[in-house]
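Below is one structure, written out as structure tokens; comments come after it.
The values are calculated or read from the model by the stated rules, or taken from the named source; none is laboratory data. The shown structure was predicted, so the numbers you read here are calculated from the model rather than taken from an experiment. All Cβ positions, glycine included, derive from the backbone under ideal geometry; neighbour counts span all protein chains shown. Surface accessibility is based on the protein's heavy atoms, side chains included, excluding ligands, DNA and RNA. Shrake-Rupley method; radii C 1.70, N 1.55, O 1.52, S 1.80 Å.
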Amino acid sequence: MSASARVIESEGRRYLVGDEIAAGGMARVHIGVQLGAGGFRRVVAIKQLHPHLAKDPEFLTMFLDEARMASRVHHRNVVHTLDVIANGTDVLLVMEYVAGASLSAALLQARRKHESVPFPIAVAITCDSLRGLAAAHGALDSRGHPLELVHRDVSPQNVLVGLDGVSRLADFGVAKARGRLQVTEESKLKGKLAYMAPELLRGEEASPASDVFGMGVVLWEMLAGRRLFGSKNEAETIGKILSAAVPALGSLRADVPDVLDRTVRRALDAVPEARPRLADELARELESSVSPASPVVVQTWLEALLGEPLQERAAILARAQAMGLPAVVEHPEPPSAPATSLPTSPVGTATPSRRVPVLVVVGTALLATCALAVGLNWRPTRPVALPSTSGAPLPDPPSPIASALPPALAIASIEVEPPTPPSASALSSAVGQVRALPARRPVKSAAGARPAPTSPGGATPPGGTKRDPRCYSVDANGIWKIKPECL
């Protein structure tokens, strides 16, 4: 958030006030953000009356008049007024934010670069402003009656050229309208003197023709590239306006079309009745004399003329859009996982304070599964020594699964219920039969091959002792075995 950003609240409405983007003798203009429910955010322009003027009832009433009058005008060529806040010395006018620059800033930069404003662009900006004036002149009150609104402060400072190529009229702070809360004293002049119509200097009633005169001065200065009535002092300025000393544009710029020069001089006539009666009437005359530039052409011209200032304004806009939002850390470093090892506690003991990584758990399960498969297929490779029959308890046989697992993974083995041990009588019978068998020594031939066993039918087994063929048999390896039914 900008260092100067602050929160303004009034009747449930909240605004963030950010950087200052313009200033005048009456107020400062800040960029801000309107906050609403559900995360609603809208970039706005907030015009704040100077604190010392907010204490002046006349200026305060004039400021509130601007909000009330401008809220009745709805047109694409007029800056929309959204809200007004009056809270002590905080008197704010919330307006539509127009991304772009004032016409005064563009003309100043053009003079510095010694560039002329192309005729189609000058006509396009003027016609947009005239249509905004026509909307203000035809505004109605809440009952549908004409407001008879007159701007009275038409000047390059109050014409905003947007980056969308559309120009808008702003600042109705000194507008005269029927039903105004504040009535201007006859001895006081409102508006910028160099753009004021002669009848206003003579104390006559303001009319739409007065705004047409002011727009004519703005167009003349765009085409000529210099001020029309500007002077070192106000007295000289008033004298030039009353004398209607308007040089012909053709004498300053040879390429000015004659029809355009005549239209501009008609708008600057000292007699109000000789001017175009309505603002949109002057717009139609200008469009018939020179085809206005498209919004895209106006946008390109503005960006080429005010490249660096527009970049600064874009940076201000970006800061405003981020006001009040939480800071975002780009590419955060993931927290390092603590080194873990397999628990050494016996199987079944809970160790909730340790966390085993997923890969370790999966690997352990795979190893345990492989070990289980090996254990189920395990067979002893040598005879197991039988214990004595002295009555001592038999030890539990070793688990084939645990013996097949590495020591580090023994805790992850699956417990298999050991087989039921044989009874004592069965063991005694088996021992007696095994002891009764003679030691077998295989007889090899001279070539080293095992001789084929003799048929059980009356043959003599190895060792020379004749056996009953009804109780003995020979397997495929030549080994004599006693039949189960003879046990």
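Among 86-96, 115-125, 136-146, how do they line up from the highest to the lowest mean number of other beta-carbon atoms within 10 Å? Each step should come with its number before you reach the end.
Working: 86-96: 17.9, 115-125: 20.6, 136-146: 13.5.
Order by mean packing, descending: 115-125, 86-96, 136-146.
If amide H atoms are built 1.01 Å from N in the plane of the peptide, which residues on other chains or at least 5 residues away come under 5 Å of the amide H of Ala86?
So Ala86 has HN proximity to Leu92.
If you roll a 1.4 Å probe over the heavy atoms of the protein chains, what accessible area per residue do you get for the range 1-96, in Å²?
Details: 4440 Å² over 96 residues.
Normalised by residue count, the accessible surface of the range 1-96 is 46 Å².
Can you list the trypsin sites (Lys or Arg not before Pro) in the range 29-134 that are in a DSSP coil and have 10 or fewer other beta carbons within 10 angstrom?
On the way: sites: Arg41, Arg42, Lys47, Lys55, Arg68, Arg72, Arg76, Arg111, Arg112, Lys113, Arg131; in loops: Lys55, Arg72, Arg76, Lys113.
Loop-located and lightly packed - Lys113.
Determine the relative contact order of the range 3-89: mean sequence separation of Cα pairs under 8 Å and six or more apart, normalised by residue count, in whole percent.
Taking the mean separation of contacting Cα pairs over the length of the range 3-89, I get 17 percent.
Quick check: from the Cα gyration tensor, does the range 190-248 come out rounded (a/c under 1.5), prolate or oblate? If you can, show how the numbers build up before the last one.
Working: a/c = 1.85, a/b = 1.21, b/c = 1.52.
Judged from the Cα gyration tensor, the range 190-248 comes out oblate (a/c at least 1.5, b/c at or above a/b).
Could you sort the peptides 246-253, 7-14, 210-217, 57-64 by per-residue average Cβ neighbour count (10 Å cutoff), highest mean leading? Provide the component values of the computation, followed by the final result.
Details: 246-253: 14.6, 7-14: 11.9, 210-217: 26.0, 57-64: 16.8.
Highest-to-lowest ranking by the protection proxy: 210-217, 57-64, 246-253, 7-14.
May I ask you to evaluate 6.51 cos²θ - 1.76 cosθ + 1.60, the Karplus curve with θ = phi - 60°, for each residue of the range 124-135 and list the ³J(HN,Hα) values in order in whole Hz, giving x for glycine and proline?
Listing the rounded values in order: 5, 5, 5, 5, 4, 5, 5, 6, x, 5, 4, 5 Hz.
Residues with amide H under 5 Å of Val256's amide H, sequence separation 5 or more or different chain, H placed in the peptide plane at 1.01 Å from N; which?
none
Under a 5 Å amide H to amide H cut-off, with H placed in plane at 1.01 Å, what residues pair with Asp19 once short-range neighbours are removed?
Ile31
Ignoring ligands, DNA and RNA, please state the percent of accessible area on the range 1-105 from carbon and sulfur, probe 1.4 Å. The partial results should precede the final answer.
Numbers: 2440 of 4670 Å².
Roughly 52 percent of what the probe reaches on the range 1-105 is carbon or sulfur.
When ligands, DNA and RNA are left out and all protein chains stay put, how many square angstrom of accessible area per residue does the range 251-322 have with a 1.4 Å probe? Mind showing how you got there, number by number?
On the way: 3950 Å² over 72 residues.
The answer is 55 Å² per residue.
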